[in-house]
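The values are calculated or read from the model by the stated rules, or taken from the named source; none is laboratory data. None of the values given here were measured: they were computed from a predicted structure. Cβ sites come from the backbone with ideal geometry, for glycine too, and all protein chains shown count toward neighbours. The area values use the complete protein model at the heavy-atom level, side chains included, leaving out ligands, DNA and RNA. Shrake-Rupley method; radii C 1.70, N 1.55, O 1.52, S 1.80 Å.
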Amino acid sequence: SMSLCEHALSLFRSAVGTVRPAPMLKKAVKLQGDGCPQLLVKGRAFPVKRDLYLVGFGKAVLGMAAAAEEILGDHLIRGIINVPLGIQESLQRAGMQEMLLKPHSKIQVIEGAKNNLPDPEALKGAVAIQELARGLTADDLLLVLISGRGGSALLPAPIPPILLKEKEKLTKMLASRGAAIQELNIVRKTLSLLKGGGLARLAYPAQVVSLVLSDVIGDPLDIIASGPTVASSHSVQDCLQILAKYNLLHNLPKSVETVLSSSPTKPTASEDYSHVCNIIIGSNTLALDEAKRQAEGLGYATLILSAAICGEVGCVAALYCQLIQLVCLGFASLGEGPLGDEVRRNLLQLAAELEIPGLNLAEFLQALQGLGRERPVCILAGGETTVQLQGTGKGGRNQELALRVGLGLHRAQATETGSFLGRCEIVFLSGGTDGQDGPTEAAGAFCSPELVDEALQEGLDVEAFLSNNDSYTFFSQFQGGHHLLVTGLTGTNVMDIQAILIRAT
């Protein structure tokens, strides 16, 4: 039989596989009929009356565009995509030909935004996209491919007369005064030609269909890549309030003053966006659903905890440790006693501290109780944790999360009441769906209480690795690093995925 580690790996791979650009697009998009062809997107039909154009921006857009061109064939007249610098070369090197455009493609590729920062190259791409959108008529259809990661930096077209470097300087000043990322985005959007619905407004009256790969918790369309095809929920007033809050109203560049004073102060929600349709074709939720299908096929009783796990990595690890203990108590028929009650109380308190959007933990715990003890259990979750960097080691949020869960379980097992954990086999996996976790080639790691036990017997100080943010070095020392999750670049990104597998021994 396969080991739990092998099962966890196959679940992770199938989850990522379902949101890889080509399979994802081919599942969501079809072109149908010859006379008056229709573009079908997840069952919705859009007539192709005249010409079909394509634009896109973001990290995963190259692979999406390659698949789209294959589906659209000769109906595609022209396309422009803005992608991160060097991405074609990295995909070529990784042997991922299917993510690259064919030699005689109708889609022009512009690379820019070095280090994910807006630069003149990214601006060039944004201006080209703007020109294409501006020239469309009511009979045209514009397909917009949006990949959250890197999408915003690749669309830096400030409203004239603002210059890119003026907008950048203002953003940096805000950041240095402690503005939150949401505040920075509101200011950027207000000063942008394409963000906050700008691209959709320029393309009017053409039909605009956006296909979105989400890398943001909760998939909010106006936040992903700064919402170029979505009515902005913020007004110039909001922007002015933020600038006032950080005392920047009096030393704004002249150009920014000009734009802000001539913009309408009310949010322009009255504007008509009926020519736009935004469809999420890839997200953490879709990836987790696929992993659940596979896990059930492997015989696991499977539950999805949440696709919005966020918060400090130590706190999230504590939540997972308590959850695993609850499942193991159930296997040992101790779930209903005082121990189970204590674990449930801890869980509810941790969940309250983490404030995970949309998580109804009480409901989840009820579902968990109803699983029975005949089958092994799989709990799936996704999102993105944060790590406060203190050390100089190598690792990433996923490897650190896995090591913290392993250590937490090992500690629980060593207590008087924790012996029941020894009656279960447990594997915890956490990985980044883009195939990268921190500055290493690993996407994440697997961990178990046994691995931590082995480390301590060899005299390794697990705590020291954690406080130096050096989880990668820790995992590299065992069985030739086979506890590291190494997938290579995947060409997609829907944040991270966690899998907990438990079976009674």
When the residues of the stretch 276-311 are filtered to those that are among the charged types (D, E, K, R) and in contact with a strand residue (DSSP E or B) (Cβ under 6 Å, 6 or more places away or on another chain), which remaining residue is nearest to K27 (Cα to Cα)? K292
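Table: residues versus (1) open to solvent by less than 10 Å² (accessible area, probe 1.4 Å); (2) modelled with pLDDT under 95.
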{"position": "H410", "(1), (2)": "no, no"}
{"position": "R423", "(1), (2)": "no, yes"}
{"position": "F428", "(1), (2)": "yes, no"}
{"position": "G438", "(1), (2)": "no, yes"}
{"position": "N468", "(1), (2)": "no, no"}
{"position": "G480", "(1), (2)": "no, yes"}
{"position": "T490", "(1), (2)": "yes, yes"}
{"position": "A499", "(1), (2)": "yes, no"}
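This table checks each residue for (1) over 30 Å from K245 (Cα atoms); (2) in contact with a helix residue (DSSP H, G or I) (Cβ under 8 Å, 6 or more places away or on another chain).
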| site | (1), (2) |
| --- | --- |
| L132 | yes, no |
| I146 | yes, yes |
| L155 | no, yes |
| I186 | no, yes |
Please give the number of the condition I279 fails out of (1) in a helix (DSSP H, G or I); (2) open to solvent by 10 Å² or more (accessible area, probe 1.4 Å); (3) among the aliphatic types (A, V, I, L, M). (1)
S333 vs (1) part of a loop (DSSP other than H, G, I, E, B); (2) more than 21 Å from I426 (Cα to Cα); (3) open to solvent by 70 Å² or more (accessible area, probe 1.4 Å): all pass except (2)
Tally time: how many residues in the stretch 41-50 are open to solvent by less than 40 Å² (accessible area, probe 1.4 Å) and either within 26 Å of L298 (Cα to Cα) or not β-branched (V, I, T) (or both)? 1
Out of (1) assigned by the TED database to the domain that holds K167; (2) open to solvent by less than 20 Å² (accessible area, probe 1.4 Å), the one I224 does not meet is (1)
Give me the pairs: first residue in the stretch 85-108 and free of Cβ contacts under 8 Å to residues at least 24 places away in the same chain, second residue surrounded by 15 or more Cβ atoms within 10 Å (Cβ to Cβ), beta-carbon distance under 7 Å, and six or more apart or on different chains, which are they? Q92/L100
Looking only at the stretch 1-39, and only at residues there that are open to solvent by less than 20 Å² (accessible area, probe 1.4 Å) and not in a helix (DSSP H, G or I), the one that is modelled with the lowest pLDDT: P37
Before we move on, is I80 touching a Gly at 6+ places or on another chain (Cβ under 6 Å), of a type in the set (V, I, T) and closer than 19 Å to A153 by Cα? no
Considering (1) part of a loop (DSSP other than H, G, I, E, B); (2) open to solvent by less than 10 Å² (accessible area, probe 1.4 Å), say which one V144 fails and leave the rest. (1)
When restricted to E183, E168, the only residue in contact (Cβ under 8 Å) with a residue 24 or more places away in the chain, within 25 Å of the chain's Cα centre (by Cα) and surrounded by fewer than 19 Cβ atoms within 10 Å (Cβ to Cβ) is E168
Selected residue (criterion: modelled with the lowest pLDDT) from residues of the stretch 332-359 that are touching a strand residue (DSSP E or B) at 6+ places or on another chain (Cβ under 9 Å) and on the phi < 0 side of the Ramachandran plot: A332
Pair list, Cβ under 9 Å, 6 or more apart: the stretch 455-469 residue assigned to a helix (DSSP H, G or I), other residue among the β-branched types (V, I, T): A455/V462; L456/V462; V462/V452; F465/T473
Any residue at all in the stretch 467-482 that's within 19 Å of G408 (Cβ to Cβ) and either among the aliphatic types (A, V, I, L, M) or in contact with a Pro (Cβ under 8 Å, 6 or more places away or on another chain) (or both)? no
Within the stretch 150-157, is there a residue that is assigned to a helix (DSSP H, G or I) and either open to solvent by less than 30 Å² (accessible area, probe 1.4 Å) or in contact with a Lys or Arg (Cβ under 9 Å, 6 or more places away or on another chain) (or both)? no
Which one is most open to solvent (accessible area, probe 1.4 Å), of the residues in the stretch 383-408 that are β-branched (V, I, T) and outside any helix (DSSP H, G or I)? T392
For L62, indicate whether it is assigned by the TED database to the domain that holds G112 and in contact (Cβ under 8 Å) with a residue 60 or more places away in the chain. yes
Residue check, A200 against (1) closer than 23 Å to L62 by Cα; (2) surrounded by fewer than 16 Cβ atoms within 10 Å (Cβ to Cβ); (3) in contact (Cβ under 8 Å) with a residue 24 or more places away in the chain, all met but one. Which one? (2)
The listed residue being touching a Cys at 6+ places or on another chain (Cβ under 9 Å), surrounded by 15 or more Cβ atoms within 10 Å (Cβ to Cβ) and among the small types (G, A, S), out of A295, A287: A295
